[in-house]
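The values are calculated or read from the model by the stated rules, or taken from the named source; none is laboratory data. All figures in this text were calculated on a predicted structure; none of them were measured in a lab. Counting neighbours? That spans all protein chains shown, and the Cβs are built from the backbone with ideal geometry, glycine included. Areas reflect the complete protein model, heavy atoms only, side chains present, ligands, DNA and RNA absent. Shrake-Rupley method; radii C 1.70, N 1.55, O 1.52, S 1.80 Å.
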Amino acid sequence: MARLRRRACIALFLFTLFIFGTMMGMRTLKPSDGFSDLAPGLELVPFAERGEKRSVSHEAVSQPQVATSSDAQAPAPSVYYDLHIFYYMWYGNPRFEGKYLHWDHVMVPHWDPKISASYPKGRHSPPEDIGSSFYPELGPYSSRDPEVLEEHMNQLRAAAIGVLVLSWCPPGLADDNGEPSDSLVPFILDSAHRYAIKVAFHIQPYKGRDDHTVHENIKYIIDKYGSHAAFYKYKTSTGRSLPLFYIYDSYLTPPESWANLFTQSGSHSLRNTPYDAMFIALLVEEGHKHDILSAGYDGMYTYFASNGFSFGSSHQNWKAIKAFCDSNNLLFIPSVGPGYIDTSIRPWNNHNTRNRVNGKYYETSLQAALMVRPELVSITSFNEWHEGTQIEKAVPKKTLTRLYLDYLPHQPNMYLELTRRWAEHFSKEKEQWLM
């Protein structure tokens, strides 16, 4: 009996000790936003607890610029005009276009028939099977849906992004999987303006694009949209306010042809005309640096969100690229992204996949950009779902034939929050650089 009593006392003591330890442990816990491991040193502060407000700026300048909401009932985060994001308006669905556009993307065959034979072919079949490894919270939406557009502006504002860079083709033209979308531009400008967001243009390649057609494109865009309050202008070091155009796949046109357009002595130069602007070329290979310089461009960007995919997209090269740009009075705009996966449309391209690692890949990319002290940073992308570079809200989804990737264990707005917090950090750092 004495042995039983002794065992009972020991058991009671151990149980009491367990309860006490548990209670003390719970007292030491504090609420977590789930992002503490993603951005060390960046604390998430509720919007309501933020201090001063700064007035809305209608023009971006080389110094950190922000806009804040004046609506006291629903305070919105600031937006930063030195943070640009690539945006796509090529999506469609049966409600608005009578069919799916881009969500049904074809599976692109490999150029080697022997390799291509090993991979699936055909098109995706929305809404359950879409041309993406992630699934949007809004479903396979239409870019023409006003509610979608409004929600996108809400998300951009929540991410503190000041400039939406619109993927653009001339009227009547489109990429191989879409339809002409220039008619959407006025709606995007109007919607962006309501959120104090600016719009720049990302001129895409199209059949017959050269220095002459781009000359007409620039005139068209500035004549038609240049007077809109949401039309983005960059303030140069000399105090001029100029539109800024990104030229995708600029290397497809010889630098001698671009020089006709972008140098002072060019045969149909835009310089010192009403259509002068900041023209930014895509840097892919190392040799493109010199081509961009001789072509008369004002700067270069890297676009691809796959670190190591190209010379330009490799973080380790950004310091040298920035030094080259600084020594030649060029603007360097590194492009950062949350990850990369395009195997839903290029099933043979798995070697270029870059896993998101719960946001750590994005954080590494952002930090690499910060290290070279850029004036502007571009993000690839808001909604390029095919290549898995989007920061737009995504949700878990499983069908009979597909298991989509998602942002778990974090919320659908994870990358919007991470972008906003980094944007604030970038702005503070930039103020220190300029002091």
field: Under Karplus coefficients 6.51, -1.76 and 1.60, residue-wise ³J(HN,Hα) of the range 282-299 in Hz, glycine/proline x
entry: 7, 9, 10, 9, 4, x, 5, 4, 6, 5, 4, 5, 5, 6, x, 5, 9, x
task: Obtain the nm distance between the two label points defined at LEU242 and SER265 by a simple spin-label model: each point lies 7 Å from its Cα along the Cα-to-C-beta direction.
output: 1.9 nm
task: First measure r as the distance between the Cβ atoms of THR213 and ARG123, then evaluate 1/(1 + (r/R0)^6) with R0 = 35 Å and state the FRET efficiency to the nearest 0.05.
output: 0.70
- prompt: Between PHE96 and SER116, how many nm apart are label points set 7 Å from Cα along the C-beta direction?
  reply: 3.3 nm
- prompt: Can you list residues whose amide H is under 5 Å from TYR234's amide H, if they're 5+ apart or on another chain and H is modeled 1.01 Å from N?
  reply: LEU242, LEU244
- prompt: Given the pairs LYS319/LYS430; LYS99/LYS121; LYS393/LYS428; LYS360/LYS428; LYS233/LYS393; LYS235/LYS360, which are separated by over 24 angstrom at their Cα positions?
  reply: LYS393/LYS428; LYS233/LYS393; LYS235/LYS360
- prompt: With the dipole of the range 73-155 worked out from charges on the C-beta (+1 for Lys and Arg, -1 for Asp and Glu) around the Cα centre, which of VAL108, GLN155, GLY92 lies farthest toward the positive end?
  reply: VAL108
- line: Once Lys and Arg are counted +1 and Asp and Glu -1 for all other residues with Cβ under 12 Å from that of LEU405, the total becomes +3
- prompt: On average, how much accessible surface per residue is there in the range 143-267, in Å², for a 1.4 Å probe, leaving out ligands, DNA and RNA?
  reply: 40 Å²
query: In the range 173-213, carbon and sulfur make up what percent of the accessible area (probe 1.4 Å)?
result: 54 percent
